[in-house]
Amino acid sequence: EDEDEDEDEDEEPSRVETSSSSLSGRRTQRSSREAMDDSVAPTSEAEGGKAQLAVRPVASYVPAVIDTSDLRAFLMRPGPSGAMVQCYIQRRKTGMARLFPTYELYLKEGDKFLMAARKRKKNKSSNYLISLDKDDLARNSGNFFGKLRSNFIGTEFTLYDKGSNPDKVEGTDLVMARQEMACVLYKQNVLGARGPRKMKVMVPDVDEDGERVSFRPQAADESMLERYKSAQDDDEVQVLKNKPPKWNDQVGAYVLNFNGRVTRASVKNFQLYNPSKDPEAVLMQFGRVGKDAFTMDFQHPLCALQAFGIALSSFDYKIACE
């Protein structure tokens, strides 16, 4: 039951097509659609089992110049504005690790390892431990860097830093309590499993000096997710949404423009934007480029830890919930 549904995506075209034809519907028709080349990427499936591809104008895409000399600081620091930090995720799921794969995050430039995560065993709900060492994924390790936790049905996810559970923090040591870094909410689509996903992401706001609002909730109703659900007018939280792909009759698919960074069909593919600030600017994009390879790009206000946690939620969220 913990097995990722990606195996089904590869084997069941009725859910999502991931064959070599996924970029253009049919390879033999590619020459007639030069405008839909490697910038076009699938998001899900079309009616009748065809791949869903995407063509949509987005803001200019510029790779960021980054400094990882202090890795821990880099992973927590909001990305630059107007330039994408380009990363990729490698999933390892062989042998005994098949049910509990490890997800390794690397910078595209220099293939520098950043973080790794794995779902913890014997938990009633999904709980991913994030570590600075792919060979040391222990909760009590000095490499522990954060965790992603879902609700029981797997539609809501909360990302924390490495801080302690507030119930275990005494007196004035609240600075040791864990910070809420992001919340991800998946919503049922009216088309069910045949339609593209709908997701909202709540992250703390970042001021002009690059300082992130600190959320250390002491009770459930203080969390970003509960504040959002109670319809609070919250200027301390940014609410991001996934760009809705548009149906394209020529391709017979839903389409999004990933600027060549995503090349394979998957219901996991998404782009996030802030509709209240700039509806054209993509703040994060994630998608498949191989059977166990995915790209993950992000910019301000997100940091690497937040983007990684959001991506992990997309791995975990099941079609059956839609």
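The values are calculated or read from the model by the stated rules, or taken from the named source; none is laboratory data. Given the structure is predicted, the values throughout are model-derived calculations rather than measurements. FYI the Cβ positions are ideal-geometry reconstructions off the backbone, even for glycines, and counts take in every protein chain you see. Remember, those area values only see protein heavy atoms, side chains included, never the ligands or the DNA or RNA. Shrake-Rupley method; radii C 1.70, N 1.55, O 1.52, S 1.80 Å.
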Karplus-derived 3J(HN,Hα) from phi for region 78-84 (6.51 cos²θ - 1.76 cosθ + 1.60, θ = phi - 60°), whole Hz, x at Gly and Pro, runs x, x, x, 8, x, 9, 8
Which whole-Hz couplings ³J(HN,Hα) result when phi for each residue of region 149-154 is put into the Karplus expression 6.51 cos²θ - 1.76 cosθ + 1.60, θ = phi - 60°, listed in order with x for Gly and Pro?
10, 10, 6, 5, 8, x
In region 198-322, how does Rg compare with the Kirkwood Rh, expressed as the Rg/Rh ratio over alpha carbon atoms?
0.99
Please tell me the relative contact order of region 194-303 in percent, rounded to the nearest whole number, where contacts are Cα pairs under 8 Å and at least six residues apart.
21
Region 218-322 - percent of accessible surface contributed by carbon and sulfur, probe 1.4 Å:
47
LEU114's amide H: which non-local residues (gap 5+, or another chain) put their own amide H closer than 5 Å, with H modeled 1.01 Å from N in plane and none for Pro or chain starts?
LEU105, TYR106, LEU107
What nm distance separates the two modelled labels at ARG92 and SER230, each placed 7 Å from Cα along Cα→Cβ?
4.3
Mind listing the long-range amide H neighbours of VAL237? Cut-off is under 5 Å, sequence gap 5 or more, other chains count too, H placed in the peptide plane at 1.01 Å from N.
ASP205
